[in-house]
Amino acid sequence: MTPIRSATATALVSTLLATTLVGCQFGGEEQDTSPIVIAADLELSGASAGVGEAYRQALELKRDQLNASGALNGRTVELLFKDNRSDASESLRNIVDFSNDKRVTAIIMGGCNECALGAVRTVNENQIPTVALAAAGAVVNPVADRRYMFKLAPNADDNAAALTVELRRRNIDTVGLLRSDDAYGQEGAAALRREFDKVDIRVLAEASVRGTDTELDGQAGRLTGADPDALVIWTPPEQAMLAASAVDRADYTGALFLDASAAGDLFLGEAARSAERATLVFTQTMVIDDVIATTPAKAARRQWFQDYTARYGGYHGSASFAADAIQLIADAELRAGGPAGEVDRKRLRDVLETSQLDGLSGPIRMTPDNHSGLMPQALTTLIARNGRWRLAG
C-alpha cells in the first residue's frame, strides 16, 4: 500500500487570526476593512454542470458563514463567478480575466481536470494563487513548475490504495475498470495497477468514458463480458451512476467499487437500485450524520452538513472541498497581512504553501513540496444502503 503521509497535528483547527490591528482616532494603524475578493471559475453549464452548481452553492454558503462570523477582523469575503461551460478554452479566458483584475486575491477553479491543467502556465506567469478542486495530480506536480497552483481533492494514489485494501478484504482477485477519458482517469488506472500488482489483483478488462457520454451500455458490455469478480468505476458522478445502471442492464451481479471522484449526491435517486451493491471511497463529510461528533472538527463537519442540507435540500459530496478552499484563502490572507487595501498575491502564495487546517473535508496540510493538501486519513469507506450513502461497518 502507498505509505501514509503523517499529519503533524491531530487537530489542526483554523484560528483565523488577523494580522492587522484596529486603529483608533489617536494615530493608531488604520483597520483593514477591504474585502477579500475571491474569483471562481466553475462548470455552471455543460457536461459537468451538476458538480459546478454544488461548488457554487458551497462557496456562497461558506462566504455567508464567514462574513456573519466576525472572524475576519472587520473584513468580508466577496465572490466573483464565471461559467467556464465545462470547456478548457473558456476556462482559460476566465483565468486571464481574473488575473488582470487587481481586486482579485486568489482564484478557485472547479473540478474540470483539463481546465486546471490548461491554466497552469497562465496562473504561474501571472502569479495569482489558485486552488483547484480538480483531482489530477498533474495540476500541482511538479511543484517547482506550479508554484501558484494548489489542489483540494482526493489524490489518485490515496484513492487507489484505499480501494485496493477494500478489494483485498473482500477476497476479490479480478476486476474490470471503467475510467474517465482524461488525465485523472489515466493517472488512476496507473495507480490502481501499481497497487493491484502488490496483492495479485488482475484487471481483466478496461474501458474509458468521456465526460459528455450519456449511454454506457457498450463499455458495460465489454467489462462484464470479461466476467470479473468486481467492477471499479473511476469517473465523475454523472458517469458513475450511468455506469451502475448500465451494468445492471447487462445482468452483472458482482460488486461495484467507486473512487472518490464518483461522489455526487447523498441520495442516489433513480440510480438507487443499481447502486445498492456499490462501495465508495470518500470523506466522512458525505455521511457525517452517521459519525459521533467527538472532536470540534467533527462537530464543525456535522454543522456544515446540516447547514448545507437546510439551505439546498440535499447534500453533494464535493461541496466541502469548495468550502475548505475559501477557508484556506481567507486564513492565508489574514495571516499574510500587508498594507490595508492592497492585494499581495506573492505573500498570499507563500502563506498558502504552509497552511494547515482541520477542514470540513478532513485534515489538510500544504507544504513547499506538496501543494495537494488533503491527507489520506480523510478517506473512509461508504456503502449504498436504502437509496443513500452510509458509513461502512
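The values are calculated or read from the model by the stated rules, or taken from the named source; none is laboratory data. Worth saying up front: this structure is predicted, and the values here are computed from it rather than measured. No Cβ is skipped: glycine too gets one built from the backbone with ideal geometry, and neighbour counts run over all protein chains shown. Protein only, heavy atoms only, side chains kept; ligands, DNA and RNA dropped before computing areas. Shrake-Rupley method; radii C 1.70, N 1.55, O 1.52, S 1.80 Å.
Which residue, LEU192, LEU268, LEU80, has the most motion in a Gaussian network model of the chain that connects Cα atoms within less than 10 Å?
LEU80
Apply the Karplus curve 6.51 cos²θ - 1.76 cosθ + 1.60, θ = phi - 60°, to the phi angles in the stretch 194-200 and return the couplings in whole Hz, x for Gly and Pro.
4, 5, 4, 4, 6, 10, 6
What FRET efficiency comes out for the pair ALA190/ASP350, r = Cβ-Cβ distance, R0 = 41 Å, nearest 0.05?
Details: r = 32 Å, r/R0 = 0.79.
In this case the efficiency is close to 0.80.
How much space per residue, in cubic angstrom, does the convex hull of the C-alpha atoms of the stretch 190-319 take up?
Enclosed volume per residue, from the Cα hull, is 132 Å³.
Can you give me the distance in nm between label points at LEU391 and ALA226, each placed 7 Å from the Cα along the Cα-to-Cβ direction?
Placing both labels 7 Å beyond Cα along the Cβ direction yields 3.5 nm.
If all Cα-Cα distances of the chain are sorted into 10 Å bins from 0 onward, what percent lands in each bin, rounded to whole numbers?
Spelled out per bin, shortest first, that is 5, 24, 33, 24, 10, 3, 1, 0.
Could you state the angle between the C-alpha long axis of helix 237-249 and the longest principal axis of the C-alpha atoms of the chain, as a value from 0 to 90 degrees rounded to the nearest 10?
10
Among LEU374, THR224, LEU80, which residue has its Cα furthest toward the positive end of the charge dipole of the chain, with +1 on Lys/Arg Cβ and -1 on Asp/Glu Cβ?
Projecting each Cα onto the dipole axis, the largest value belongs to LEU374.
Can you find, among SER89, ALA136, ASN124, the residue farthest towards the positive end of the dipole of the stretch 62-145? Put +1 on the C-beta of Lys and Arg, -1 on that of Asp and Glu.
Positive-most Cα among the choices belongs to ASN124.
Out of LEU357, LEU167, VAL343, whose Cα points farthest toward the positive end of the dipole of the chain (charges: +1 Lys, Arg; -1 Asp, Glu; placed on Cβ)?
Going by the charge dipole, the pick is LEU357.
In the structure shown, do any of LYS151/LYS198; LYS82/LYS151; LYS62/LYS82; LYS298/LYS346 have a Cα-Cα gap over 24 Å, and if so which?
Pairs exceeding the cut-off: LYS151/LYS198; LYS298/LYS346.
With the chain treated as a Gaussian network of Cα nodes joined by springs under 10 Å, which of GLN186, GLN327, GLN356 yields the largest mean-square fluctuation?
In this elastic network of the chain, the residue with the biggest mean-square fluctuation among GLN186, GLN327, GLN356 is GLN186.
For the stretch 254-393, count the residues as N, evaluate 2.2 N^0.38 Å, and divide the Cα radius of gyration by that value, please. Each step should come with its number before you reach the end.
Values: Rg = 17.3 Å, N = 140, 2.2 N^0.38 = 14.4 Å.
Ratio of Cα Rg to 2.2 N^0.38 Å: 1.20.
Two decimals is fine: what's Rg over Rh for the stretch 286-334, C-alpha atoms, Kirkwood radius as Rh?
1.01
With a 1.4 Å probe and every protein chain left in place, work out the accessible area per residue of the chain in Å², rounded to a whole number.
40
I need the phi-derived Karplus couplings for the stretch 294-302: 6.51 cos²θ - 1.76 cosθ + 1.60, θ = phi - 60°, integer Hz, Gly and Pro marked x.
The phi angles translate into 8, 9, x, 5, 5, 5, 5, 5, 4 Hz.
Give or take rounding to whole Å, what are the principal axis extents of the alpha carbon atoms in the stretch 23-169, in descending order?
Between the extreme Cα coordinates on each principal axis of the stretch 23-169 lie 68, 38, 33 Å.
Pop out the carbon and sulfur fraction of the accessible area of the chain as a percent, whole number, probe 1.4 Å.
Values: 7660 of 15860 Å².
Roughly 48 percent of what the probe reaches on the chain is carbon or sulfur.
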